[in-house]
Amino acid sequence: MSHVQFVILLICVMIFGGAMGAFFGTVEYRVRNRKKLITSGCFCTSCGHILTLPEQIPVLGWIMLRGRCRYCGERIPIRYPLIEGTFTLYYTAVFLLLRDHPAAIPLAWYIFTACILAARSRGNVRPMLRGMALFALYHLIVGLLVVAVLSAPH
Ligand SMILES: [Zn+2]
């Protein structure tokens, strides 16, 4: 793999980490409050306004909105960009540390995500398991891609 290809893959991993962090923020909220996991999109928990795509960009979306809903002015908790940033850093670090063992990468990503979800689920077991299954699906798909790209003949 050339340096350019590696950098492109690294950027994809960072985007995936941020996306999983954003998804985790909403799944955690929905599991803790026993709400439906899959809805039409991410919405303001105060006025119900559905966030536009740019507003959903991990970390940057929150900064653009200066931490407030554009429609009702309600504060968007800082924990959302913090979770997104943490996931981006963790996913990137795992990728860099384990790149010689590609199969371990999605496993390390998933275990981390599933453990925090379990710790934060307030004992709501069924929605927690559904959340874990969704994360397992995403990590399986992206994990297979990462393994395929990293194991390709150089
Ligand atoms: Zn709002």
Quick check on the exposure proxy: order Phe6, Phe95 from fewest to most C-beta atoms within 10 angstrom.
Phe6, Phe95
Net charge dipole size for the chain [Lys, Arg +1 and Asp, Glu -1 on Cβ; Debye, nearest 20]:
760 debye
Using modelled backbone amide H atoms (1.01 Å from N, in-plane), which distant-in-sequence or interchain residues come within less than 5 Å of Phe43's amide H?
Leu51
Cysteines in the chain that, by Cβ-Cβ distance, have no pairing candidate under 4.7 Å:
Cys12, Cys42, Cys115
Quick check on the exposure proxy: order Glu74, Glu84, Glu55 from fewest to most C-beta atoms within 10 angstrom.
Glu74, Glu55, Glu84
Integer Hz, Karplus 6.51/-1.76/1.60 couplings in order for the range 64-72, x for Gly and Pro
4, 7, 6, x, 9, 5, 5, 9, 10
Rh_Kirkwood(the chain) over Cα pairs, Å, one decimal, evaluates to 16.4 Å
For Arg68, what residues show an amide H to amide H distance below 5 Å, using hydrogens built from the backbone and excluding near sequence neighbours?
Ile76
Cβ-based exposure ranking for Met20, Met14, Met64, Met128, in which fewest neighbours within 10 Å come first
Met64, Met14, Met128, Met20
Could you calculate the contour length gain from Arg70 to Ser2, that is, 0.36 nm times the residue separation minus the distance between their Cα atoms, to one decimal place in nm?
20.2 nm
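No value in this document is a laboratory result; all are computed from the given coordinates. Since this is a predicted model, take the numbers as computed values, not measurements. Don't worry about glycine lacking a Cβ; one is built from the backbone with ideal geometry, like all the others, and counts go over all protein chains shown.
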